[in-house]
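The values are calculated or read from the model by the stated rules, or taken from the named source; none is laboratory data. In this text, all values refer to a predicted model and were calculated from it rather than measured experimentally. Neighbour counts are summed over all protein chains in view; Cβ atoms, including those assigned to glycine, are modelled from backbone coordinates with ideal geometry. Please note that ligands, DNA and RNA were not included when accessible areas were found on the heavy atoms of the full protein model with its side chains. Shrake-Rupley method; radii C 1.70, N 1.55, O 1.52, S 1.80 Å.
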Amino acid sequence: MEVDNKMYSVGLLIVATLLVAKLISALIMPRSNKRLPPVVPSWPLIGGLLRFINGPILMLREEYPKLGSVFTLNIFHKKITFLVGHEVSAHFFKASESDLSQQEVYQFNVPTFGPGVVFDVDYTVRQEQFRFFTEALRVNKLKGYVDQMVTEAEDYFSKWGDSGEVDLKYELEHLIILTASRCLLGREVRDKLFDDVSALFHDLDNGMLPISVLLPYLPIPAHRRRDQARKKLAQIFSHIINSRKQSGKSENDMLQCFIDSKYKDGRPTSESEVTGLLIAALFAGQHTSSITSTWTGAYLLSHKQFLSAAVDEQRELLKKHGNKVDHDILSEMDVLYRSIKEALRLHPPLIMLLRSSHSDFTVQTREGKQYDIPKGHIVATSPAFANRLPHVFKDPDSYDPERFAVGREEDKVAGPFSYISFGGGRHGCLGEPFAYLQIKAIWSHLLRNFEFELISPFPEIDWNAMVVGVKGKVMVRYKRRELSVN
Ligand code: HEM
């Protein structure tokens, strides 16, 4: 009997303790839990991870209609909150680094870019390094790069026959690496060391796998090759930098800009930093641009009315300027610009942008719902999904470059951060003008000098790539022509 009483008292004590604990927790955290975003349903533990690995865009397509524009996915102990659409993503793009930072989420780039640059340094240094990028990509520099882009395109396509069949994707990838080498890495690499350096960049590329995002230092062969390639590239660039310094010769390329760059305290960039910044530039700009030029071609060749508008524009410019193509003439190519921009709306190569949140913030959806995003969450937005929202872009899955023409300007009408292929705000792409100039230089040459026919089916998306691109070959039949100006 005494034992029963004791059991009863212990039971009561436990229940009372649980009740008090619940009450205290409700008092301590009264509202913070109330407006948390809805959570994506998934199996416990690895369910969230599986849904993410299975394809983040697929997950967004399934959950957006059910949960709305703000929701959280649990992956182990991490919470990723998605902000979909311009109404809820302004803070994502505008917040200061102390509120939403890139450093943690983009850490996996460090072994590729190398020590002392970009995500391996604190924000004040990184800001200065981005200033070096900005200076290297100013209009006066771009004007010089354009001449090199045009020469590279002319040389490359002069090797094609009068007619033939090619894999457009392969050809454009190849040309863009040559152009990027010339404008970014410098004449020495382009003229003498192209094959060696390309092979090393290939190893760097292959060393960035989906697993590298989670475990960048995992001792696997691909990572070992990446690390060796990074070391060899540092040696090659050290040699080039030294001989440029000794000869006193200056070139018009990004390498020279980085060599000449100085931090605010007067310190010049080190050889290792110059190498790291060049690798970062190539990673940011090479695949993104070659993928975009391939999509542009695939869409133009399968949409005759837009193709003939782009060809007519070239005819007009030929009439006006003759054969000359320079920075200012490329800047007049509005139809081509819109054709590229629309391909990029449908297929942004960077499908997911991430930040790590260090302070709580609140967002309001277009339906007027408010959600509190707690610090500690990873915050994500998706160009691939946001660029196809039907309340922003009319008939969003169709290719219609005219949606950007004066009078429609769908990307502007809806408000800032509606079109986010180049990100925007505080960390918007610094290479956007370079990318457009490069793709325009290539396509204006192709439109002026060749007729094309797409002979393989319209390409699919390669969702498995880190930089999402075109799956398989894009076969075209070409025939040389001279565009008549009459
Ligand atoms: C079609 C081509 C390109 C696309 C689609 C593209 C896309 C992007 C996007 C989406 C971001 C923002 C990332 C974020 O917010 O987390 C970004 C940033 C950046 N891009 Fe590009 N990019 C392209 C070409 C280039 C080129 C050619 C360069 C340089 C030569 C470049 C250099 C950069 C740099 C330095 C940043 C970081 C800016 C910052 O954080 O302040 N990009 N790019």
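List of remarks:
- Hits in the range 332-354 - residues which are open to solvent by 40 Å² or more (accessible area, probe 1.4 Å) and in a loop (DSSP other than H, G, I, E, B): Glu332, Leu350
- Within the range 244-254, the presence of at least one residue that is in a helix (DSSP H, G or I), over 25 Å from the mean Cα position of the chain (by Cα) and surrounded by 14 or more Cβ atoms within 10 Å (Cβ to Cβ) is confirmed.
- Residue that is surrounded by the most Cβ atoms within 10 Å (Cβ to Cβ) [pool: residues in the range 303-319 that are in contact (Cβ under 8 Å) with a residue 12 or more places away in the chain and charged (D, E, K, R)]: Glu313
- Out of Gln103, Gln148, sole residue that is under 16 Å from Cys183 (Cα atoms) and of a type in the set (S, T, N, Q): Gln148
- Whichever residue in the range 161-194 is out of contact with any strand residue (DSSP E or B) (no Cβ under 7 Å at 6 or more places or on another chain) and part of a loop (DSSP other than H, G, I, E, B) and, among such residues, is nearest to Lys141 (Cα to Cα): Gly186
- The listed residue being out of contact with any Lys or Arg (no Cβ under 8 Å at 6 or more places or on another chain), of a type in the set (Phe, Trp, Tyr) and open to solvent by 70 Å² or more (accessible area, probe 1.4 Å), out of Tyr217, Tyr263: Tyr217
- Neighbours by Cβ (under 6 Å, 6+ apart or cross-chain): first from the range 398-414, closer than 24 Å to Glu87 by Cβ; second crowded, with 18+ Cβ neighbours inside 10 Å and β-branched (Val, Ile, Thr): Ala414/Val392
- The range 59-73: number of residues that are surrounded by fewer than 18 Cβ atoms within 10 Å (Cβ to Cβ) and of a type in the set (S, T, N, Q): 0
- Within the range 169-187, tally of residues that are touching a Lys or Arg at 6+ places or on another chain (Cβ under 8 Å) and away from the ligand (no atom under 16 Å from the Cβ): 1
- Restricting the search to strands (runs of 3 or more DSSP E) fully inside the range 355-440 and requiring at least 2 residues that are within 16 Å of the ligand (Cβ to nearest atom) gives 378-381.
- Failed item, numbered, when Lys324 is tested on (1) within 20 Å of Leu142 (Cβ to Cβ); (2) outside any helix (DSSP H, G or I); (3) within 29 Å of the chain's Cα centre (by Cα): (3)
- Contacts under 7 angstrom Cβ, first residue in the range 434-445 being closer than 21 Å to Phe283 by Cβ, partner open to solvent by 20 Å² or more (accessible area, probe 1.4 Å) and within 12 Å of the ligand (Cβ to nearest atom), 6 or more apart: Phe434/Leu137; Phe434/Gly285; Ala435/Gly285; Ala435/Thr288
- Within the range 259-283, the residues that satisfy the criterion of being of a type in the set (A, V, I, L, M) and either more than 14 Å from the ligand (Cβ to nearest atom) or farther than 17 Å from Pro115 by Cα (or both) are Ile259, Val274.
- Test: residue in the range 132-139 that is more than 16 Å from the ligand (Cβ to nearest atom) and either closer than 25 Å to Val105 by Cα or open to solvent by less than 40 Å² (accessible area, probe 1.4 Å) (or both): no
- Of all residues making up the range 355-367, the number that are out of contact with any helix residue (DSSP H, G or I) (no Cβ under 6 Å at 6 or more places or on another chain) and open to solvent by 40 Å² or more (accessible area, probe 1.4 Å): 5
- Check on Asn464, out of contact with any Ser or Thr (no Cβ under 8 Å at 6 or more places or on another chain), in a loop (DSSP other than H, G, I, E, B) and under 30 Å from Val105 (Cα atoms): yes
- Within the range 164-177, residues that are in contact (Cβ under 8 Å) with a residue 60 or more places away in the chain have Cβ atoms under 9 Å from residues that are basic (Lys, Arg) in these pairs: Gly164/Arg477; Gly164/Lys479; Glu165/Arg477; Val166/Arg477; Asp167/Lys473; Leu168/Lys473; Lys169/Lys473; Tyr170/Lys473, counting only partners at least 6 apart in sequence or on another chain.
- If you go through the range 451-474 and keep only what is within 17 Å of Tyr170 (Cβ to Cβ) and either among the basic types (Lys, Arg) or crowded, with 19+ Cβ neighbours inside 10 Å (or both), you end up with Pro459, Gly469, Val470, Lys471, Lys473, Val474.
- Tally, over the range 90-133, of residues that are over 17 Å from the mean Cα position of the chain (by Cα) and assigned to a helix (DSSP H, G or I): 14
- In the range 80-89, the residues that are outside any loop (DSSP other than H, G, I, E, B) and among the aliphatic types (A, V, I, L, M): Ile80, Leu83, Val88
- Hey, Ala380 within 23 Å of the chain's Cα centre (by Cα), over 20 Å from Ser289 (Cα atoms), surrounded by 15 or more Cβ atoms within 10 Å (Cβ to Cβ) and touching a residue at least 40 places away in the same chain (Cβ under 8 Å) or not: yes
- Single condition Phe393 does not satisfy, out of (1) of a type in the set (Phe, Trp, Tyr); (2) closer than 19 Å to Ala90 by Cα; (3) open to solvent by 10 Å² or more (accessible area, probe 1.4 Å): (3)
- Filter pass, His347 being within 12 Å of the ligand (Cβ to nearest atom) and under 26 Å from the mean Cα position of the chain (by Cα): yes
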